[in-house]
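Below you'll find the structure, written out as structure tokens, and then a few comments.
The values are calculated or read from the model by the stated rules, or taken from the named source; none is laboratory data. Since we're looking at a predicted model, the values are computed, not measured. All Cβ positions, even for glycine, are placed from backbone atoms using ideal geometry, and neighbour counts span all protein chains on display. SASA here: full protein model, heavy atoms, side chains in, ligands and nucleic acids out. Shrake-Rupley method; radii C 1.70, N 1.55, O 1.52, S 1.80 Å.
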Amino acid sequence: MKHRRHRKNRNRTLHIGLMAVLLSAAYTSSQTGWAASGSAAAATASASGAAFSQAGTRLTDGTGHEHHHAQEEGHKQSTTVQWSFMPKQPAAGNNTTIQLNFTDANGRPVQSFALNHEREIHLIAVSSDLSEFQHLHPVDEGQGHFTVDTVFPKGGAYKLFADFVPVGKSHQVAQSEVTVGGEAAAAESLAPDKKLVQTAENTVVSLQTGELQAGKETSLAFSFKDAATGKPAQDMEPYLGAAGHVVIISSDLRHYLHVHPKEGQTAGPEALFETAFPAPGIYKLWGQFQRHGDIFTASFTIKVGE
């Protein structure tokens, strides 16, 4: 997937150093924790007794040690996110505007957000089979209202994760789910990659992992070579102020991690990340990096043991 560099949505004077060290934000949702908009999932959740709606999206604050913020649904709810989509029934291949409204525990708009790697809000959208991935940055319209335009490439169910840091609060993740109209391609089954090497934008990206065991910290080491010469890519560039960004989601969509590079790294032919997987299973990982002014994504599927 190829993206062009975007200008910052809005410069802010408020900037705190929450992400000066490695941040791995893990979000764990329950099976009934989706806020659905215009989808069959909404009716299913209602029938099962789950009281979720666009106006009551559940989210949680971060807890845990400084390198890994683990979130359990229902732990704390200092911010509420109301999701809406225009049109209400998005269609594959057509523009959709995603709107998010943030309010505090007293129902007042959240006015200020800390910059988290040069952005106030990071919005991740994935298809239910994890074959489609988008990393979006909603625009601050004021009074806790953010919008972003996107195009869903195919029909079917999508899961959305918004992570953010209200000023004076800890890191939080909100989620929603939407069904996109249009022809849905056959679901792609996930299986661990036999070889963790991929070529994107004339760059060979290799991934070497530490021990993949649930609950234990492990390393994710990326290396980059020029596809034409086979030599280390010395011309890698920072992406959103870091050597790269990694998003990891479990195959059942219950576990979400947003991982940033280990402290002190600059863009180079190698990038080291550290994280911990909350549960065993199959996970898909998307690494995003920048070279020659272009942002590119390399994805890998891995298996985490017990």
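Below are the figures for this structure:
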{"read-out": "Per-residue HN-Hα couplings for segment 291-306 [Karplus 6.51, -1.76, 1.60; θ = phi - 60°; Hz; x = Gly/Pro]", "value": "8, 6, x, 10, 8, 10, 10, 10, 10, 9, 10, 10, 10, 9, x, 6"}
{"read-out": "Probe 1.4 Å - accessible area at ARG254, Å² to nearest ten", "value": "80"}
{"read-out": "Fraction in percent of alpha-carbon pairs per bin - 10 Å, segment 149-281", "value": "9, 30, 36, 23, 2"}
{"read-out": "Ratio of the Cα radius of gyration of segment 193-262 to 2.2 N^0.38 Å, where N counts its residues", "value": "1.25"}
{"read-out": "Cut-off under 5 Å, modelled amide H: who pairs with PHE152 long-range", "value": "GLY93, ASN94, THR96"}
{"read-out": "Accessible-area ranking of THR297, THR80, largest first, probe 1.4 Å", "value": "THR80, THR297"}
{"read-out": "Heavy-atom accessible area per residue - segment 253-306, 1.4 Å, Å²", "value": "33"}
{"read-out": "Segment 164-222: radius of gyration and largest Cα-Cα distance (Dmax), Å", "value": "18.1, 44"}
{"read-out": "In sequence order, calculated HN-Hα J values of segment 104-116 (Karplus, 6.51, -1.76, 1.60; Hz; x Gly/Pro)", "value": "8, 5, 9, x, 8, x, 7, 8, 9, 10, 6, 6, 10"}
{"read-out": "Between segment 262-299 and segment 81-127, the Cα center-to-center distance that results, in Å", "value": "24"}
{"read-out": "Loop GluC sites (Glu not before Pro), segment 149-237 (other Cβ atoms within 10 Å of the site Cβ: 16 or fewer; DSSP)", "value": "GLU183, GLU188, GLU211"}
{"read-out": "Per principal axis, descending, Cα span of segment 84-126 in whole Å", "value": "35, 27, 14"}
{"read-out": "Amide H partners (placed H, <5 Å) of SER112, local residues excluded", "value": "VAL167"}
{"read-out": "Accessible surface of segment 121-194 [probe 1.4 Å, protein heavy atoms]: carbon and sulfur percent", "value": "50"}
